[in-house]
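Written below as structure tokens is the structure these notes are about.
The values are calculated or read from the model by the stated rules, or taken from the named source; none is laboratory data. It should be emphasised that the depicted structure is a prediction, and the values quoted were computed from it without experimental measurement. When we count neighbours, we look across all protein chains shown, and the Cβ atoms used for this are built from the backbone with ideal geometry, even at glycine.
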Amino acid sequence: MKLTLKIWRQENANAKGAIQTYPIDGIEPDMSFLEMLDVLNEQLINQGDIPVVFDHDCREGICGSCSLQINGEPHGPDRLVTTCQLHMRKFNDGDTIVVEPFRAKAFPVVKDLMIDRSAFDRIQHAGGYISVNTSGNTIDANAIPVNKENADDSFAAATCIGCGACVAACKNASAMLFTSAKVSQYALLPQGQVEASERVLSMVEQMDKEGFGNCTNTGACEVECPKGISLENIARMNREYLSASLKG
Amino acid sequence: MGIISSSIARKVAMALSGLFLVFFLGQHFVINATAVLSPDTFNSWSHFMGNNGLVQGLLQPILIFGVVFHFVMGFILELKNRSSRAVKYASYKGSTNASWASRNMIISGLVILAFLGLHFYDFWIPEMIHKYVESHPEDPTRYYAETVHKFENPVRVGLYVVSFALLAMHLWHGFASSFQSVGFNNKYSVALTRFAKVYAILIPVGFIFIAIYLHLNQLPH
């Protein structure tokens, strides 16, 4: 496959970035999108140019490291996949592909396509935990009965890998799908009840402090989420937040 | 950060004020529909709404507050949301994952706001002057003739039609989405969303029908 890549290049967080064009040839349809970028980088290195910086780690869709806004969509045109799981067969020979970092004020660009997503870590730190007594009398989690429906919903929420596609897709750069998944995975389990009120209030407060936008229920996040995290989580977070606020 | 400035509290406030306005719209439509079905009923109901102390002294100020709150909060949230992505995408395919109506509530909202300006100029301000400034003796039979006369001008009818088309789009997203905002997303949501979408189309189309009907059925001068 022969392609034209239009890639966002930015020297550092304070530099002014711009889209640069790179022609590339010899791409196999079975390559992943990141493997295609590896080929480009080898080409750039051989030419004595600086390779394109992008986030990646596991390359099997579970770590949440890879991001990339590809042709106007987070993780590209395919559904329920991360960028590393996106194959070049989803594109046509001769295509022009625009590659940009996920854009949000709360996700500043570090270099080229790499962004700082530590805002998500700080939201997690604000309440994404449970208190367990580890003095030796800890109750085995498997010994605590959990309603099957709640267990399934909690597990589904916990599959969020924190990649930030929800923020990238949202026209408001809102982080409510991510935050609601992290609130829900605990709110649905008996172990999460102790800190339930404190958790949702703290995580939402941190989310707002980070400068993410407000959710307007467009549903773009749910469509673009590589793990299919449901909007039901946002409704649950809203309920949890209202009930925690009313409790005072 | 207090609850007043929290993103979720603002979202819930937008939803609740929106639901209140949706309810008001339905009530307004029912009264307007009597202009087509029975001009005498239209006159008597309009007379009641315009002269009842509870409606004028309590419900009207609440309604005006609801409208002002909804659009002021809408502007505040829009500005906040725009500032949350300082550098825009070179390529952004919003239409692949969200409807036009959901992505452009500010546009449909601004058209509705402009329409409200026209609507107040047409009806509310003359009514206030008629009742409270010029202090005319009340004539319970004047409302139908005055309303029909307003729709004589085809340009005004055209503006009403365009405004209600945008209102339909605003309601298409806003009505159904307000349930999600207040935390209501369960097994009844599919039916509720269906009802909201039907309402979003039927009520504005009904208003458009009434405006065109009155335009075509002018009273002799």
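When the test is whether a residue is within 12 Å of another protein chain (Cβ to nearest Cβ) and of a type outside the set (Val, Ile, Thr), A:Glu195 does not pass it. If the condition is being surrounded by fewer than 17 Cβ atoms within 10 Å (Cβ to Cβ) and part of a loop (DSSP other than H, G, I, E, B), then segment A:109-129 contributes A:Asp116, A:Tyr129. Between A:Ile139, A:Ile123, A:Ile70, A:Ile144, the distinction of being β-branched (Val, Ile, Thr), in contact (Cβ under 8 Å) with a residue 60 or more places away in the chain and out of contact with any Cys (no Cβ under 6 Å at 6 or more places or on another chain) belongs to A:Ile123 only.
It is to be established whether one or more residues within segment A:212-219 are hydroxyl-bearing (Ser, Thr, Tyr) and closer than 27 Å to B:Thr193 by Cα. Explain how you work it out, then say what you get.
As a first pass, look at segment A:212-219 and keep what is hydroxyl-bearing (Ser, Thr, Tyr): A:216, A:218.
Now narrow it down to the ones that are closer than 27 Å to B:Thr193 by Cα: A:216, A:218.
Within segment A:212-219, one or more residues are hydroxyl-bearing (Ser, Thr, Tyr) and closer than 27 Å to B:Thr193 by Cα.
Counting only residues that are more than 7 Å from chain A (Cβ to nearest Cβ) and either farther than 22 Å from B:Met169 by Cβ or polar (S, T, N, Q) (or both), segment B:89-101 holds 2 of them. Among the residues of segment A:73-90, is there at least one that is over 18 Å from B:Tyr92 (Cβ atoms), touching a Cys at 6+ places or on another chain (Cβ under 9 Å) and within 14 Å of chain B (Cβ to nearest Cβ)? Yes; the residues of segment A:73-90 include at least one that is over 18 Å from B:Tyr92 (Cβ atoms), touching a Cys at 6+ places or on another chain (Cβ under 9 Å) and within 14 Å of chain B (Cβ to nearest Cβ).
The condition (being assigned to a helix (DSSP H, G or I), more than 10 Å from every other protein chain (Cβ to nearest Cβ), touching a Phe, Trp or Tyr at 6+ places or on another chain (Cβ under 8 Å) and free of Cβ contacts under 8 Å to residues at least 40 places away in the same chain) is satisfied by just one residue among B:Val68, B:Val55, B:Val72: B:Val55. The set of residues in segment A:15-43 being free of Cβ contacts under 8 Å to residues at least 12 places away in the same chain, surrounded by fewer than 14 Cβ atoms within 10 Å (Cβ to Cβ) and either within 14 Å of A:Asp112 (Cβ to Cβ) or hydroxyl-bearing (Ser, Thr, Tyr) (or both) consists of A:Ala15, A:Lys16, A:Ala18.
Take the conditions (1) crowded, with 18+ Cβ neighbours inside 10 Å; (2) closer than 21 Å to B:Gly74 by Cα; B:Ala165 misses just one of them, which is (1). Among the residues making up segment A:147-171, those that are away from chain B (no Cβ under 13 Å), surrounded by fewer than 24 Cβ atoms within 10 Å (Cβ to Cβ) and either assigned to a strand (DSSP E or B) or in contact with a Gly (Cβ under 7 Å, 6 or more places away or on another chain) (or both) are A:Ile161, A:Gly162. A:Ser174 satisfies every condition listed in (1) polar (S, T, N, Q); (2) more than 9 Å from every other protein chain (Cβ to nearest Cβ); (3) closer than 17 Å to A:Arg122 by Cα except (2).
Total residues in segment A:208-233 satisfying the condition of being facing chain B (nearest Cβ under 7 Å), under 28 Å from B:Lys187 (Cβ atoms) and in contact with a Ser or Thr (Cβ under 6 Å, 6 or more places away or on another chain): the figure is 4.
Okay, residues lined up against (1) hydroxyl-bearing (Ser, Thr, Tyr); (2) outside the structural domain of A:Glu195 (by TED's automatic domain parsing); (3) under 22 Å from A:Thr179 (Cα atoms):
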position: A:Leu37; (1), (2), (3): no, yes, no
position: A:Gly48; (1), (2), (3): no, yes, no
position: A:Gly61; (1), (2), (3): no, yes, yes
position: A:Glu73; (1), (2), (3): no, yes, yes
position: A:Arg89; (1), (2), (3): no, yes, no
position: A:Asp121; (1), (2), (3): no, no, yes
